[in-house]
1. Packing-wise, with mean Cβ within 10 Å as the measure, how do 306-317, 52-63 rank, highest first?
2. Can you run phi through the Karplus equation (6.51, -1.76, 1.60; θ = phi - 60°) for the stretch 330-342 and list ³J(HN,Hα) in whole Hz, with x for Gly and Pro?
3. For every helix of n ≥ 4 consecutive DSSP H residues, a contribution of -39,500 (n - 2.57) applies; sum these over the chain, divide by its total residues, and give [θ] at 222 nm rounded to the nearest 500 deg cm²/dmol.
4. If each of Ala154 and Leu102 carries a label point 7 Å out from its Cα toward its Cβ, how far apart are those two points in nm?
5. So what are the ³J(HN,Hα) numbers for the stretch 232-245, from phi and the Karplus equation (6.51, -1.76, 1.60; θ = phi - 60°), rounded to whole Hz, Gly and Pro as x?
6. Could the peptides 324-332, 23-31, 88-96 be put in order, highest first, of the mean number of other beta-carbon atoms found within 10 Å of their residues?
7. What is the magnitude of the charge dipole of the chain about its Cα centre, with +1 placed on the Cβ of each Lys and Arg, -1 on the Cβ of each Asp and Glu, and no other charges, expressed in debye to the nearest 20?
8. What residues have an amide H closer than 5 Å to that of Glu106, excluding those fewer than 5 places away on the same chain, when H is modeled at 1.01 Å from N in the peptide plane?
Amino acid sequence: MKRIIVSVTNDLAADNRVFRMCATLDEMGVEVKLIGRRLPASRPLAPRPYVTRRMRLLFTKGPLFYAEFNLRLFFYLLFSRFDLLLANDLDTLPANFLVARLRRKELVYDSHEYFTQVPELIGRPNVQAIWEWLEKQMVPHLKHAVTVCESIAAIYRQQYQVPFRVVRNLPVKAEWEAIPAEKRVNESRPIILYQGALNVGRGLEQAIRAMELLDGALLVLAGSGDIEKELYHLVTALQLEERVKFVGRLPVEELGWLTRQARLGISIEQDLGLNYRYALPNKLFDYIQARVPVVVSNLPEMKRVVEHYQVGLVSGSHEPAQLAGTFREALFNESRRIEWQQNLEIAAAELTWEKEKEIVRELFGPLLEK
């Protein structure tokens, strides 16, 4: 049986893309081992059909974290048995790239975003320059690479002449069952749901401020991230504790129950660099699969999906008053919602991992046969 080692810098608890990739490789008869890290607040992992390993590290963020992670990963990979490596994002690529070269093994690179253009780097030119240098040293030498949307793939193809393929973050087709009583949200107001990282540029401050102007609804933030404390303080300062609720980062299964009970899902990233401009995040497709109408930013990839399937609204502004009006329209315009619900059935049937994973099979199949 062929062996593949998959690596990612998160704690493996809530990364749907990595979970689906590993599950697909397992279905192909591959022995999969997924490596991440353990954080102080990491929850136990639900049983999976493949092996997982979470490294305990001394550092949890910053350059020392990335250096320690890649150093530990390098030596682990160097002395492990495997036939193929899968590196998720640029922050795991150095160790994978070096070991693949030393041991003359195949490497697949999965870029979940346009890493060097994330908002956290835009305002830090020195740090951004280091990541750009690392990318230029490694990516041009790759033979097998994928990313999340056509816009980012086109940039990489032009910049590095590497044939990046597109594997979108589509969810597994859901066969819905009744929501168990213990999973039901005890809330009579309609829920506006944001699921994902609480990071800079996600439009979360503006969404919270919009709730000052929107009565009769609850904004639920499901996730954690770099600006989590700042968002808590903003909610407290605006006295919005009754209108905004933080539920933390939930396991995949728990998040699925919550998503189904939302009346509106939001993905309102700001245009802070090319990474967000071309964002096509998991949560958009998760909302659609749960048959939840959406509000998204006026950014090309998300806008294309929403307008093609007619499953929600595109917000032309992040100004809180306009956001509040858009949320209100999406929540309470019943004639539109009836149309969206019909269209969501069509979109949910088409936008599934069962169809998208054929690209994964086409990519990995020949490599595993070598």
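1. On the way: 306-317: 18.1, 52-63: 12.1.
So the order, starting with the most tightly packed, is 306-317, 52-63.
2. 5, 7, 10, 7, 5, 5, 5, 5, 4, 5, 4, 4, 5
3. Numbers: 15 runs with 164 residues, N = 370.
After summing the helix terms and dividing by the residues of the chain, the value is -13500 deg cm²/dmol.
4. Simple spin-label model gives 4.0 nm for this pair.
5. Ordered by residue, 3J(HN,Hα) equals 4, 5, 5, 4, 5, 4, 8, 6, 10, 4, 7, 10, 10, 10 Hz.
6. Details: 324-332: 18.9, 23-31: 16.9, 88-96: 22.3.
Sorting 324-332, 23-31, 88-96 by mean packing, highest first, produces 88-96, 324-332, 23-31.
7. Details: 49 positive and 46 negative charges, 267 e Å.
So the dipole magnitude of the chain works out to roughly 1280 debye.
8. Leu85
Coordinate-derived values only; no laboratory data. These figures come from a predicted structure and were not determined experimentally. Positions of Cβ are backbone-derived with ideal geometry, glycine not excepted, and every protein chain shown enters the neighbour counts.
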